[in-house]
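Heads up: the structure comes next, in structure tokens.
The values are calculated or read from the model by the stated rules, or taken from the named source; none is laboratory data. Small disclaimer: the values here were computed from a predicted structure and weren't measured. Cβ coordinates were reconstructed from backbone atoms using ideal geometry, including for glycine residues, and neighbour counts include every protein chain displayed. These area figures cover heavy atoms from the full protein model, side chains too; ligands, DNA and RNA do not enter into them. Shrake-Rupley method; radii C 1.70, N 1.55, O 1.52, S 1.80 Å.
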Amino acid sequence: MTRLFVDVHILQTVPPSNINRDDTGSPKTAVYGGVSRARVSSQAWKRATRKMFRDLFDPATLGVRTKRVVELLAERISDLAPETPDAHASAVAVLKAAGIELEKPRRAKKGEDAKAADQPVDELEQSKYLLFLSATQIDRLARLAIDAATAGTPIAKADARAAANSTNSVDVALFGRMVADAADLNVDAAAQVAHAISVHAVDTEFDYFTAVDDRAPDDNSGAGMIGIVEFNSSTLYRYATINVAGLRDNLGDDTATVRAVAAFLEAFTRSMPTGKQNTFANRTLPDAVVISLRTDQPVNLVTAFEEPVNAAGTARAAAAAKALADRYRAIEDAFGDGSTELFVVAAGDGADALATLAAPAPFTTVVGHVTDRVAAALGETS
């Protein structure tokens, strides 16, 4: 098929919040254009997108990413064949045959943190890293283990590898899988997600809070608890891209590919990481979504905001929309061949600036147009 990349550019304003924290509890940041920006890691937004897939697909058809793969597989073996004498041993055998190395969880040694030493130890082996398997792959590995246990024969490595490399679920196909011990089990991600950063400089702020004990005596004016929560607020630029040909290779089916593109656009646009959600109730929807269909290469437009957007007398989201539109036109004037198709969703004050790129339309309409183009591109080689 003709190369096709679906680029997603989002401007989203988030009120005081801490949706993605570092190891000290502070909102994540990055220096870009010489100033500190708010940042939300790509991993955080990919997880939020994957979680929203459970509203768009039957959860039983999606993948599971876990180190506790022996436990997962043993449970599936027991579900399918309760008479299997040792589901745990069968799970270990089929995973090792597939080339996946396992290890016992490490016990705390003498002299280490006493609290860690007191924690119960899971005796089941685990994979050395998070392993991402589709529901179909889990089922096929389980059935292979059951057949071998029933026949009393060893599991052929080729059969185990084939089972682990069988039909990918939509989340595995989009976000990929890396297996360090068995490179032939790797799945190249068809989607890439950038770290979201604010279009302007950001300073972290601090909320000093107190909580009152409901059963404290009336003459006690003290607080039951005090603390500090860090937060910031920002207008974020978010970017992701889908390699349609790569997605088709991972899924092996045109219809599934079109549906996966639609689901990704829906979930990536509407999802949000849930850090400190109960504290800040910061859930918003984007001010603008710009989707471009490219046949040359993906293009991240973050350079529109290398010079921080300093909105004077206008909404920051509107100023950011103008900067995004200007940068897109500059890129196309310098490198474009006229083949890029653009779709715009505008919910904020930046609609006028974005309308110079394409007539704004409702999000569901835009997703329909994009999936029609994707289906047409796939149909060229069907």
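Some values worked out for this structure:
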{"item": "The chain - percent of accessible surface contributed by carbon and sulfur, probe 1.4 Å", "result": "49 percent"}
{"item": "Nitroxide proxy distance, nm - points 7 Å out along Cα→Cβ at residue 104 and residue 75", "result": "2.4 nm"}
{"item": "In Hz, Karplus ³J(HN,Hα) per residue of segment 277-291 (6.51, -1.76, 1.60; θ = phi - 60°; x = Gly, Pro)", "result": "4, 5, 6, 10, 6, 9, 5, 10, 10, x, 6, 7, 10, 10, 10"}
{"item": "List 225, 272, ordered by accessible area with a 1.4 Å probe, largest first", "result": "225, 272"}
{"item": "Rounded if a/c under 1.5, otherwise prolate or oblate - the chain, Cα gyration tensor axes", "result": "oblate"}
{"item": "Per-residue SASA entry for residue 19, accessible area with 1.4 Å probe, Å² rounded to 10", "result": "20 Å²"}
{"item": "Relative contact order, percent, segment 143-213 [alpha-carbon distance under 8 Å, six or more residues apart]", "result": "19 percent"}
{"item": "Residue 207 long-range amide H proximity, modeled H, under 5 Å", "result": "229, 230, 231"}
{"item": "Surrounding net charge for residue 56, when Lys and Arg each add one and Asp and Glu each subtract one, Cβ distance under 13 Å", "result": "+1"}
{"item": "Accessible area per residue, Å², segment 235-382 with all protein chains present, probe 1.4 Å", "result": "44 Å²"}
{"item": "Expected 222 nm ellipticity per residue - DSSP helices of 4 or more, -39500 (n - 2.57), all of the chain, to 500", "result": "-11500 deg cm²/dmol"}
{"item": "For residue 196, distant residues with modelled amide H under 5 Å away", "result": "40, 42"}
{"item": "Label-point separation, residue 278 to residue 166 (7 Å along Cα→Cβ), nm", "result": "4.1 nm"}
{"item": "Segment 217-231 - phi-based ³J(HN,Hα) in whole Hz, Karplus 6.51/-1.76/1.60, Gly and Pro as x", "result": "x, 4, 8, 9, 8, x, 8, x, 7, 10, x, 10, 10, 8, 7"}
{"item": "Residue-count net charge about residue 228 - beta-carbon cut-off 12 Å; Lys, Arg +1, Asp, Glu -1", "result": "-3"}
{"item": "The chain, relative contact order [Cα under 8 Å, separation at least 6], %", "result": "27 percent"}
{"item": "For segment 28-45, 3J(HN,Hα) per residue [Karplus equation, 6.51 cos²θ - 1.76 cosθ + 1.60, θ = phi - 60°, Hz, x = Gly/Pro]", "result": "5, 9, 8, 8, 9, x, x, 10, 6, 10, 5, 9, 10, 5, 4, 4, 5, 6"}
{"item": "Amide proton proximity set for residue 288, modelled H, under 5 Å, gap of 5+", "result": "11, 347"}
{"item": "For segment 111-270: rounded, prolate or oblate by the Cα gyration tensor [a/c cutoff 1.5]", "result": "oblate"}
{"item": "GNM top mover of 209, 175, 57 - the chain, alpha-carbon springs below 10 Å", "result": "209"}
{"item": "Fluctuation leader among 188, 147, 337 - the chain, Gaussian network, Cα springs under 10 angstrom", "result": "337"}
{"item": "Net charge of Cβ neighbours under 15 Å - reference residue 326; Lys, Arg +1; Asp, Glu -1", "result": "-2"}
